[in-house]
Amino acid sequence: MNKAVLLAILPLLSGAAANATSYYPQRLDDAKAVYLTPENFQVHADGKTDDSDAIQAGIDRAAAHGEGILFIPSGRYRITRTIYVWPSVRVIGYGATRPVFVLADNTPGYQELGYMFLFAGGRMRPAPRIDFQTGRPSQPIAGTVPPNAQVPDANPGTFYSAMSNVDFEMGQGNPGAVAIRFHVAQHCYLAHMDFWIGSGLAALKDIGNEAEDLHFHGGQYGIVTIRPSPGWQFTLIDSSFEGQSKAAIAEHEAGLTLINDRFRNVPQVISIDPGYSEELWVARSRFEQISGPAIEFGNENNNRTEINLEDIACSGVKVFALMRESGRSFGAPGESYVVKSFSHGLTLKGSSDWGSIETNFDAHAVSELPAAPPNAIRALPPASEWVNLLTLSVKGDGVSDDTAAIQKAIDEHPVLYIPMGRYLVTGTLHLRPDTVLIGLHPSMTQFDLKDESPGFMGVGAPMPLIEAPKGGHNIVTGIGLFTGGAND
């Protein structure tokens, strides 16, 4: 049995194979969230019955007031059509194992390009949408199953959408399948996910903003992407790729920023599409058993081509980089080696220098690769240590002054989980050295400073809304801080 076939069927041989460690092993209580349970929706989670309608209904309900969270418990959820994630909705799995979205063998519509999930730029409208450039009815986004012209694509104004702690499995006979189209903008992310791509095209297409702790297994590609919708860079952290048949990442103008990522058993790590420049930065990553050139790019004499890599540990990588037009390549100094730096692009030697296109390759052979570094992003404390802030006499209603109650909670509990709400404060919240504050939706979970709060107005030294102690090791995540309109 060859490697490609083994990678494709591995999830089918063992249902547990696709379930990595659940990041949220316990139910997170939030009265404003929606839970995809049989009590609330006609959902089966058995991996056989089609749960597409139930999942879409859950997302619709979470978006009923414009934004929200859909929590999905452990289970296997079969998908047969494109599910739309509306702006500012977050889909988050929980339970002893991660929930898995399953695309069965030979699912109709996925033999050509087809998305399992698509992050949208707005809610579906009953009237036909009009393309503002042509004045004609808009066409469906290519890859929607079935085609649907009423759904606008995510765009530079798509904020706060996210998906976390879920896995994907794609069966055989779906060569056009893509798990997620993620063409989003600010405050959006994907995190804590494994993709078993099987015969599919890719896990992600047209990505945006940031992703972390993603792991791509098999498929033709892990990621296929173009320029993010706001034209900013896309950042991928603490992730891995293995067993893709064409390349781990195929892209152009994505502004790729890769930190602490691992690539194994692929023909290429990054293939930049012909005719395009790229601003690429890769740091503290590992390339292992790469059969072709790890990095391939062209447009090598264009001032906008900026290729930079540093601290790359390589093993079984004969060609580190290849320039497409000139054919110039940079080979391995040994079976195992470390690339201290590789840079290609416009180089200025001083403020008066007009610059020139230069290439630098600094690598040395090693007897064995250095140990893999720890994750760049620190993990949250175990969920068993979290204390729900709303169980500690805090209101979170946007009217009551919660300053004293929140400060008392911080003083008495090192890890606080903060459900969605507006928490009105009138003074600085002082963290302990070990305080961890955890929210899951910064637009819906906010600490609001009351207007004209004493000490926050007029001349004088700046006043913090939250103050962390010097030398502490705090985490504050998923929370919005609103300083009001009259606190200058």
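The values are calculated or read from the model by the stated rules, or taken from the named source; none is laboratory data. None of these values were measured; they are calculated from a predicted model. Because the Cβ atoms are built from the backbone with ideal geometry, glycine has one as well, and the counts that use them run over all protein chains shown. Surface accessibility is based on the protein's heavy atoms, side chains included, excluding ligands, DNA and RNA. Shrake-Rupley method; radii C 1.70, N 1.55, O 1.52, S 1.80 Å.
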Legend entry - Yes/no for Met124 being at pLDDT below 90 and among the aliphatic types (A, V, I, L, M): yes
Legend entry - Lone qualifier among Gln268, Gln220 - being out of contact with any Asp or Glu (no Cβ under 9 Å at 6 or more places or on another chain) and either open to solvent by 40 Å² or more (accessible area, probe 1.4 Å) or over 18 Å from Ala191 (Cα atoms) (or both): Gln220
Legend entry - So Ser400, is it under 28 Å from Gly93 (Cα atoms) and among the hydroxyl-bearing types (Ser, Thr, Tyr): no
Legend entry - Index of the failed condition, Gly471 passing every other in (1) assigned to a loop (DSSP other than H, G, I, E, B); (2) open to solvent by 40 Å² or more (accessible area, probe 1.4 Å); (3) touching a strand residue (DSSP E or B) at 6+ places or on another chain (Cβ under 6 Å): (3)
Inset, instruction - Could you name every one of the strands (runs of 3 or more DSSP E) located completely within segment 296-340 that has at least 2 residues being closer than 14 Å to Leu280 by Cβ? - result: 306-317, 319-323
Inset, instruction - Test each condition in (1) more than 28 Å from Ser240 (Cβ to Cβ); (2) hydrophobic (A, V, I, L, M, F, W, C); (3) crowded, with 19+ Cβ neighbours inside 10 Å for Ala313 and report the one that comes out false. - result: (1)
Legend entry - Residue under evaluation Ser277, criteria (1) within 23 Å of Ala376 (Cα to Cα); (2) modelled with pLDDT under 95, criterion not met: (1)
Inset, instruction - Answer yes or no as to whether Ser329 is touching a Leu at 6+ places or on another chain (Cβ under 7 Å) and either at pLDDT 95 or above or of a type in the set (Ser, Thr, Tyr) (or both). - result: yes
Legend entry - Qualifying residues in segment 474-488 (those that are open to solvent by less than 50 Å² (accessible area, probe 1.4 Å) and not in a loop (DSSP other than H, G, I, E, B)) - the one farthest from Gly396 (Cα to Cα): Ile475
Inset, instruction - Pull up segment 316-327, narrow it to residues that are exposed (fewer than 13 other Cβ atoms within 10 Å of the Cβ) and touching a residue at least 24 places away in the same chain (Cβ under 8 Å), then point me to the one that is nearest to the chain's Cα centre (by Cα). - result: Glu325
Inset, instruction - Under 7 Å between Cβ atoms, at least 6 apart or on separate chains: pull out the pairs that start in segment 394-405 with a residue that is farther than 17 Å from Leu465 by Cβ and end on any residue that is at pLDDT 95 or above and not in a strand (DSSP E or B). - result: Lys395/Asp402
Inset, instruction - Can you confirm whether segment 344-362 contains a residue that is surrounded by 13 or more Cβ atoms within 10 Å (Cβ to Cβ), aliphatic (A, V, I, L, M) and modelled with pLDDT of 95 or more? - result: no
Inset, instruction - Scan segment 364-375 for residues that are surrounded by 10 or more Cβ atoms within 10 Å (Cβ to Cβ) and in contact with a strand residue (DSSP E or B) (Cβ under 7 Å, 6 or more places away or on another chain) and jot them down. - result: His364, Ala365, Val366, Leu369, Pro370, Ala372, Pro373
Inset, instruction - Tally the residues that are hydrophobic (A, V, I, L, M, F, W, C) and touching a residue at least 40 places away in the same chain (Cβ under 8 Å), restricting the search to segment 462-475. - result: 2
Legend entry - Options Asn165, Asn148; residue that is in contact (Cβ under 8 Å) with a residue 12 or more places away in the chain and over 24 Å from Glu39 (Cβ atoms): Asn148
Inset, instruction - Could you grab the pairs with beta carbons closer than 6 Å, sequence gap of 6+ or different chains, first residue in segment 194-217 and open to solvent by less than 10 Å² (accessible area, probe 1.4 Å), second one among the charged types (D, E, K, R)? - result: Asp206/Arg181
Inset, instruction - Give the residues of segment 164-205 that are of a type in the set (Gly, Ala, Ser) and in a strand (DSSP E or B), sorted by residue number. - result: Ser164, Ala177, Ala179, Ala191, Gly198, Ala202, Ala203
